[in-house]
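The structure appears right after this line, and notes come after that.
The values are calculated or read from the model by the stated rules, or taken from the named source; none is laboratory data. Just so we're clear, the structure is a prediction, and the values are computed from it rather than from any experiment. Methodologically, a virtual Cβ is constructed for each residue, glycine included, from the backbone with ideal geometry; neighbour enumeration extends over all protein chains shown. When the accessible area is computed, the model is the full protein with side chains, heavy atoms only, and any ligands, DNA or RNA have been set aside. Shrake-Rupley method; radii C 1.70, N 1.55, O 1.52, S 1.80 Å.
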Amino acid sequence: MTDLVDSMLDLMRRLPPTRVEENVTALVNICPDYADDLLGSVDQPLKLKTDRATGREYLACDYNRDGESYRSPWSNEYDPPLDDGTVPTPKLRQLEIKANEAFDTYREMYFEGGVSSVFLWDLDDGGFAGVVLFKKSLSPSASSEPSGSWDSIHVFEAAERGRQAHYKLTSTIMLELVTHSDNGANTAYKKPNSDSPTMDGIKTNGDVSLSGSMTRQTEQDCPVQNQESHITNMGRMIEEMEIKMRNLLQEVYFGKTRDVVYDLRSIESLERQRRQRELQKELVGFMKR
């Protein structure tokens, strides 16, 4: 069983991240006996659902799924209805309600929109675990505008040790960006003897799709005064992790992608680059004299 699941996970790492849902469904249809193992190991883009009781949106993932139903953090009810669905204990449910309120404020401050959800569950060793979800989608109003989505999945475990608690946090960010080029938008300049519309001699045909996921882990011990302290401690850890991963995406991943693209395709003419190199050599020769 382990070899088969590992083979499926290895295959998923080599398939396009933009089609992860389609690929997971295909593998589940091929090996239905290992559906739970696969769904629990592969992070998929979060789905939006609406709570029928409150009318509020929430996020659906494998952590609030029971069979084919998903539990809402607002009403604690399953959709479709499930009589024997797993729910947190009353004490943990109160903490879950407060955590959803706190991270809803966090979402509005950092994402300025989107949807957040928090789900908690009890562990057999006496502690508890949970997941904090964020999703922000960019919906273009025109065909030429970019589209994309940001999905954050923060899974944590908390074990109290006297007046302290030990936290394990696993954070995954899934990012998808698609930029479109509208041929009719940039027709102010057309290069002589060319049928392709350009702007300053740069072709604008084609789309660019950039997507992928990143996972990081951390552990930390924090003081605990009451139940609400868990929300404060986890909020601080998630905030620091998201800032670190966001900076890593911006400086390393996007920066490296930009360098590779600029090395592969130049926006300047070869003749102009040749003259610049000759001028640099000439200046270096004058400096050495």
Take the residues of the stretch 212-243 that are without any contact (Cβ under 8 Å) to a residue 40 or more places away in the chain and over 18 Å from the mean Cα position of the chain (by Cα): which is surrounded by the most Cβ atoms within 10 Å (Cβ to Cβ)?
-> THR232
Scanning the stretch 17-38 residue by residue, the ones that are open to solvent by 60 Å² or more (accessible area, probe 1.4 Å), over 18 Å from TYR63 (Cα atoms) and either charged (D, E, K, R) or not in a helix (DSSP H, G or I) (or both) total 3
Of the numbered conditions (1) within 30 Å of ARG19 (Cβ to Cβ); (2) in contact with a Gly (Cβ under 7 Å, 6 or more places away or on another chain), TYR106 satisfies every one except a single condition; which is it?
-> (1)
Taking the stretch 14-46 and keeping only residues that are among the β-branched types (Val, Ile, Thr) and in contact (Cβ under 8 Å) with a residue 40 or more places away in the chain, one is left with THR18
Residues being modelled with pLDDT under 50 and surrounded by 16 or more Cβ atoms within 10 Å (Cβ to Cβ): count how many of those fall in the stretch 157-205.
-> 3
The stretch 63-102, subset acidic (Asp, Glu) and farther than 19 Å from GLU157 by Cβ, residue surrounded by the fewest Cβ atoms within 10 Å (Cβ to Cβ) = ASP83
Residue ID - most open to solvent (accessible area, probe 1.4 Å), chosen from residues in the stretch 39-48 that are under 21 Å from GLU176 (Cβ atoms) and assigned to a helix (DSSP H, G or I) | SER41
Quick one: which residue in ARG13, ARG52 is open to solvent by 70 Å² or more (accessible area, probe 1.4 Å), part of a loop (DSSP other than H, G, I, E, B) and either under 27 Å from TRP150 (Cβ atoms) or in contact with a Cys (Cβ under 7 Å, 6 or more places away or on another chain) (or both)?
-> ARG52
